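These notes are about the structure you will find just below.
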Amino acid sequence: MARIGVFTCWCGENIARTVDVEQVSAALGQLPGVHCSLDYKYMCSEPGQSLIQEKIKSENLDAVVVASCSPHMHLRTFRKTAANAGVNPYRVEMANIREHCSWVHHDRATATTKAIDLIRMSVAKVRWDEPLEPIKVPVTRRALVVGGGVAGIQAALDIADGGYEVVLVEREPSIGGKMAGLSETFPTLDCSQCILTPRMVEVGQHPRIKLYTYSEVEQVEGYLGNFTITIRKKARYVDTKSCTGCGDCWNACPIKRNPSEFDYGLGMRPAIYIPFPQAVPARPVIDKETCTRIKKGKGCGLCEKKCLTHSIHFDDQDELVSEKVGAVVVATGFKLYSIGQQQDDGATTGYGEYGYGKFKDVVTSLQFERLLSASGPTGGRVVRPSDGKEPKNVVFLSCVGSRDDAKGLPYCSKICCMYTAKHAMLYKHKVHDGQAHVFYMDIRAGGKNYEEFVRRAIEQDGARYYRGRVSRIYEENGKLVVRGADTLAGAPVTIEADLVVLAAAVVPATGVRDLARKLNVGYDQYGFLLESHPKLRPVETSAAGVFICGACQAPKDIPEAVAQASAAASKALIMFGHEELTREPEVARIDEKNCAACFTCVRTCPYHAIDKAELLTPRGVFVKRTARVNPGLCMGCGTCVAVCPSKSADLAGFTEQEIYAEVEALV
Amino acid sequence: MTERLRQTAARLLSEGKVQLVIGYGAAGRPALITKAEDAEKLEWNDRCLANLAVYLTRKEVKALGKAAIVVKGCDERALVVLEKESQIDRGALYVIGMACDGVGAPKCGRCQVHTPRFADEVIGTQAEPPAPPAGPNGLDRLMAKSSAERWAFWNAEFARCVKCYACRQVCPLCYCERCIADKNRPVVIDTSATPKGNFAWHITRAFHLAARCVGCGECTRACPAGIPLGLLNQSLAQATEAHFGYRPGMDRQAEPVFGAWSPADKEDFIG
Amino acid sequence: MSEPMPMSFEPKIIAFVCNWCTYLGADLAGTNRLEYPPNVRIIRLPCTGRIDFNLLVKAFEIGADAVLVSGCHPGDCHYTAGNFHARRRWMLFRSLLETLGIETERIHFTWISAAEGKKFQQVIGEITATARAMGPYAAYQGLSQVQVGQASTPAAGLQTRQPEDAQ
Amino acid sequence: MELGYYPGCALHGTSNDYEDSVRACLDALGVGLKEVNDWICCGATAAHSINHKLSIALPARNLALAEREGFGEILAPCPMCSMELLKASDLVKSDAALRQEMGRIVELDFEGRTSVLNLIQVFQKVGLDTIKAAVKSPLEGLKAACYYGCLLTRPPETLRFDDCERPSSMEAVIAALGGTAVEWNYKTECCGAGMTLANTDIVLDLSHKILTNAAAHGANCVVVACPMCHVNLDMKQADIERRTAVRHGMTIYYLSDLVGRALGLSDHTLGIDRHFVYGG
């Protein structure tokens, strides 16, 4: 028989005014199993708590009911109080006689009766409450970072500098992401590569970062603190260990004219190549689609002949490797809306009327970055892709696909206003007699020195801004005729441009949905990953131990992406601060002997926390099949209990026995 | 057909394809045949009412080894559900389907699956099922009554329940190792055969079969007190089809109703 | 007003609510001093997904005159989908209760968020009013008294039974 | 197939050639047109620039009439008419109060059940394959610049027809007729429309650009589905040539003209011989 103490709180006048606390504690004293029943003005106060502790000792109580305010207010407090006096904290119940009674009723008699009922219910429950111990989950203090853009790089370096190993997986042959391709960055106009490449090198050389480029996450198993990641290393045909990156191979390659991915087709690369000079690792990769030797299986092989270190292997195959990590940071970034074409999700095909893909001199903003970049295909000279002439009139269109639910996407891509201003500025710096024209909906320049930056583009570099949209672009005797509206002037505008730059909307990187499903992370209708709370848990996700940062969560500029990356890293570091994680023990469990193995619970569990398993004898002999809860994943909703026909599933802290006792106390 | 059934059984046993054939013996009683020569004991006639699927989940039957089972189209639906709930390994089971034009059971009038659809082997042929008879059935008549009358009706019916649990034993889908009715911590269902306990039991039995019951009607047939238990399953089956277009055991691919959810689920009753 | 009329019937109402939305909604009603009838007794569970139909049956067995089941609005579930699973169960369970002739007017389902203290007050007000109007759930409470056999003669039920009822 | 038919003022006036053409070719395709009895003006630009309620009431009455006669769908060959009718129909459908008010004003109760089709949509209903099959004399050598003007696709939320900035439905019809449609730039530019009378020069300049661009892209004719466009490009072509001293000599066809021709109807039946620029 339990030895229960009931402690009824006056909460000053808050409870005592409407509830006759003396009568209550007297009545409760009569209940079997209740060894002391007291009331006190402020149970939560220091003297109140020590009163509880004294009684626990003197009456050697093994369960406590505090009748006061909401458990959401003070359950933790009183659990700690009881625990310090040697009562298992999970054998503490609270009866909410304030929010649910004294504050909402006036009639003293009925309120008092109700209070007694509520406490009786708690007493009935606490009698059955099982002593519980917090769950300890071992942590593999090692992180996986998916995506080697600026966010991924930042997260990886922070975690590695924090003293823990990082596995960084990048799909492309080199890390660097979108930022590596940018010319200069707003609002400071410092050269993108000058600030990024040193960080890339750090990653490449960091003793605690294991870098997998040209690789993808194939499979994810396990849970918080204990993930097993299968990584697919795509066949590179080059042994990155023995290769010195000397370049003999790509100089020798005869198949030179393949559109360069890094230059978005504006430049050319050989079949064996490094994406860009500062690539990390500075090791080439063979594009099996274009390499004659690999396509035909014979012939050519010049690169192999040239290679002094014999690092080229045409028989290279994809390879699967497995890595154990405790936390995952997703930093898969973004790509541009495909203008006038099907998007990944088969959705909108808007803006064909801008002739992108049809007219060579209509380019995307990322292509324009390459034209501006000193390391770009033109060495930083702004020229028309069609004829290499210097464009004297350049038209920039913002919101191509953004803020347009009729033809594109309803959301704002956030960075376009700023980089478009930057483009206009840089263009002017390079082509002094050139004129930049910008069509915009609104200028969104919220950010440190952002508004000032845009004003500079307009006032110092004389960019012409038209508040309005463009209806179509067409070629007429060598010029691109841009027809739009200037809604402020209330007049249509026609500009004969030499070059048009489209600020296409920001959309999540290809394949992010698949990755999210592997990780059990939610995503919105556009494929942006979902944070578990937009305000208070911005880098956490619905999957414990998986964090997100950068543009995979929403369109972001570099400073924001980097800040968020450090935030995600700190979340991982907080986990790694402990040998093992402790989780609330109020989780589900299966009575495996009685489980009928219908696995309805497995299908039901919102957290995939229940597995199909086998019950074995201690000597490993198969007894029967059963469902089995993974306490590392279970969040304690108890949905499995309700769907279990034999009630072999139960939920610690809210067991069938405890709840039925509570209900039956109301007879 | 009986002949072909016996031949098949004998063949399967002699070839060692299976160690056991679950079929109907004399007077349609269940027969567990383990030797080829005993195949002669198998019968096929209009007394083969029982749904033999119930034996597949029995420990002692499982112990007899790889089994073949004789099913009617209606019984076969139970196999589909058992497979969905991973109670049987369909691959390890040999299903002998009997094309059946009815075994004189009341349910046969509305049967839609005269010919088994997923059997490894079908014996006999059967014309397409005739359209079910029009006009109200027992459930319609019951639902036509007022709520109070229905309450009175079930009171009268359950009053005769003696908690023998024949309905549970005979149900091919009541396979729990420890029935919730036998759980005593806490006592979820009042064990005594009082009206209170009887209601608790029959509500539970019926709802545990919700979106699962294949309407074989064995519960009603087995009830010594003659309580029309099938009505409860039937009403749930109707609701299940109405809400989710789901008919248990009809489609091997269909996702079970419980364990899934849809944002479109009706909630007109939720305030 | 929760002032009970002298001698008036006071229904026993049991509420099964989730810990994250409706329980907090009730807390908010308290913090805002929103008065409602004192008839309700709240059972706190983590999630509506945890609430099994047997609990409702039990509630009536121990003499409840009305039952409330309440949790987070669809999409707001603290456990992402518990309330969706619950909703699906109730869809079918209600039809069973109707077939049995159990008074479904005594079983209420609502979504009440942590911000809806006002709604909690209203809901409890309405439920109590309905329950008062309906009077004690004598039918179900009666079950505990009656003994087997004396309930009625089989005949009472038998006429309605036709052969195909066996289906 | 039988459709309700709302000619609108233009087709009973300046553009009666269009009406002949529409009736003839649809008749040849087995589409019967039953004119909405007692129809009135749709209000066009005039109404909505003067009085909002009026601009709804006028088309609303026509919708009500069509509904009274039990037409599920009516053809309005003039884009201005179909736009006004659709706009009104959307408004009354979404706003019961407004519907009742309109019912009172036009003295006819209606629910806004009738849907409104433009000429191209009717061809689509008939089915391009059906049309293709019915072609007697394919339009070989025809290089058409399909000209949609402002109103066939805009405003998109009202018209809900084709890609509003880059339409291609007329091209599809031309293809079915065995002709070629050229890729050009002025498909949805404005021809000056109602300015014909108020400010002719604007019309002449705009229309000139259209004709020039069509020719520049190798078109030997321009195809329209709007009486106003036809007036500006065809009737005004002489003035355009006088003003700009550029010879165009560009034939302007209604889409129905070409369908009719391909089906073997004579230019006379189709009213083509009444066009101002008539190369035959």
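The values are calculated or read from the model by the stated rules, or taken from the named source; none is laboratory data. It should be emphasised that the depicted structure is a prediction, and the values quoted were computed from it without experimental measurement. We place every Cβ from the backbone using ideal geometry, glycine too, and count neighbours over all the protein chains shown.
The table for this structure:
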{"read-out": "Any hit, the stretch D:26-47, residues being touching a residue at least 60 places away in the same chain (Cβ under 8 Å), in a helix (DSSP H, G or I), more than 16 Å from the chain's Cα centre (by Cα) and within 30 Å of D:His268 (Cα to Cα)", "value": "yes"}
{"read-out": "Residue match in the stretch B:68-89 (condition: in contact (Cβ under 8 Å) with a residue 12 or more places away in the chain, more than 30 Å from A:Cys601 (Cβ to Cβ), among the small types (Gly, Ala, Ser) and in contact with a Pro (Cβ under 6 Å, 6 or more places away or on another chain))", "value": "yes"}
{"read-out": "Count of the stretch D:106-133 residues which are more than 18 Å from D:Leu3 (Cβ to Cβ), surrounded by 15 or more Cβ atoms within 10 Å (Cβ to Cβ) and at pLDDT 95 or above", "value": "1"}
{"read-out": "Only one of A:Ser192, A:Ser183 that is in contact with a strand residue (DSSP E or B) (Cβ under 7 Å, 6 or more places away or on another chain), more than 17 Å from A:Thr332 (Cα to Cα) and in the same structural domain as A:Ile574 (by TED's automatic domain parsing)", "value": "A:Ser192"}
{"read-out": "Strands (runs of 3 or more DSSP E) contained in the stretch A:375-490 and holding at least 2 residues without any contact (Cβ under 8 Å) to a residue 40 or more places away in the chain, surrounded by 22 or more Cβ atoms within 10 Å (Cβ to Cβ) and not assigned by TED's automatic domain parsing to the domain that holds A:Thr185", "value": "none"}
{"read-out": "Test: residue in the stretch B:219-233 that is within 14 Å of chain A (Cβ to nearest Cβ) and free of Cβ contacts under 8 Å to residues at least 40 places away in the same chain", "value": "no"}
{"read-out": "Any chance B:Thr220 is of a type in the set (Ser, Thr, Tyr) and surrounded by fewer than 23 Cβ atoms within 10 Å (Cβ to Cβ)", "value": "no"}
{"read-out": "Selection status of B:Gln112, of a type in the set (S, T, N, Q), in contact with a Pro (Cβ under 6 Å, 6 or more places away or on another chain) and surrounded by fewer than 20 Cβ atoms within 10 Å (Cβ to Cβ)", "value": "yes"}
{"read-out": "Candidate set: the stretch B:248-269, residues that are among the aliphatic types (A, V, I, L, M), surrounded by fewer than 17 Cβ atoms within 10 Å (Cβ to Cβ) and within 14 Å of chain A (Cβ to nearest Cβ); chosen: the one farthest from C:Gly82 (Cα to Cα)", "value": "B:Ala254"}
{"read-out": "Options A:Ala563, A:Ala588: the member that is more than 14 Å from chain B (Cβ to nearest Cβ), farther than 30 Å from A:Ile153 by Cα and either surrounded by 14 or more Cβ atoms within 10 Å (Cβ to Cβ) or at pLDDT 95 or above (or both)", "value": "A:Ala588"}
{"read-out": "Matching entry among D:Val246, D:Val222 (being over 27 Å from D:Ser137 (Cα atoms), out of contact with any Gly (no Cβ under 9 Å at 6 or more places or on another chain), outside any helix (DSSP H, G or I) and not hydroxyl-bearing (Ser, Thr, Tyr))", "value": "D:Val246"}
{"read-out": "Residue among A:Leu573, A:Leu536, A:Leu581 that alone is over 30 Å from B:Glu255 (Cβ atoms) and out of contact with any helix residue (DSSP H, G or I) (no Cβ under 9 Å at 6 or more places or on another chain)", "value": "A:Leu536"}
{"read-out": "Residues satisfying the stated conditions in the stretch C:54-92, i.e. crowded, with 20+ Cβ neighbours inside 10 Å, at the interface with another protein chain (Cβ under 8 Å from one of its Cβ atoms) and farther than 30 Å from A:Gly522 by Cα", "value": "C:Asn54, C:Leu55, C:Val57, C:Lys58, C:Ala59, C:Glu61, C:Ala64"}
{"read-out": "Flag if D:Cys221 is surrounded by 16 or more Cβ atoms within 10 Å (Cβ to Cβ), under 17 Å from D:Leu151 (Cβ atoms) and in the same structural domain as D:Cys150 (by TED's automatic domain parsing)", "value": "no"}
{"read-out": "The stretch A:518-538 residues that are modelled with pLDDT under 85, paired with ones that are aromatic (Phe, Trp, Tyr) (beta carbon under 8 Å, 6 or more apart)", "value": "A:Asn520/A:Tyr607"}
{"read-out": "The stretch A:108-139, residues that are surrounded by fewer than 19 Cβ atoms within 10 Å (Cβ to Cβ) and touching a residue at least 12 places away in the same chain (Cβ under 8 Å)", "value": "A:Arg108, A:Asp117, A:Glu130, A:Pro131, A:Leu132, A:Glu133, A:Pro134, A:Ile135, A:Lys136, A:Pro138"}
{"read-out": "Helices (runs of 4 or more DSSP H) completely within the stretch B:115-205 that count 1 or more residues being among the acidic types (Asp, Glu) and away from chain C (no Cβ under 12 Å)", "value": "none"}
{"read-out": "Qualifying residue in the stretch C:23-39 (condition: at the interface with chain A (Cβ under 8 Å from one of its Cβ atoms), among the basic types (Lys, Arg), at negative phi and surrounded by fewer than 24 Cβ atoms within 10 Å (Cβ to Cβ))", "value": "no"}
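Results for (1) under 22 Å from A:Asn226 (Cα atoms); (2) surrounded by 21 or more Cβ atoms within 10 Å (Cβ to Cβ), shown as yes or no for each residue.
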position: A:Gly545; (1), (2): yes, yes
position: A:Cys552; (1), (2): no, yes
position: A:Leu573; (1), (2): yes, no
position: A:Glu584; (1), (2): yes, no
position: A:Arg603; (1), (2): no, no
position: A:Ile610; (1), (2): yes, yes
position: A:Arg619; (1), (2): no, no
position: A:Arg628; (1), (2): yes, no
position: A:Cys640; (1), (2): no, yes
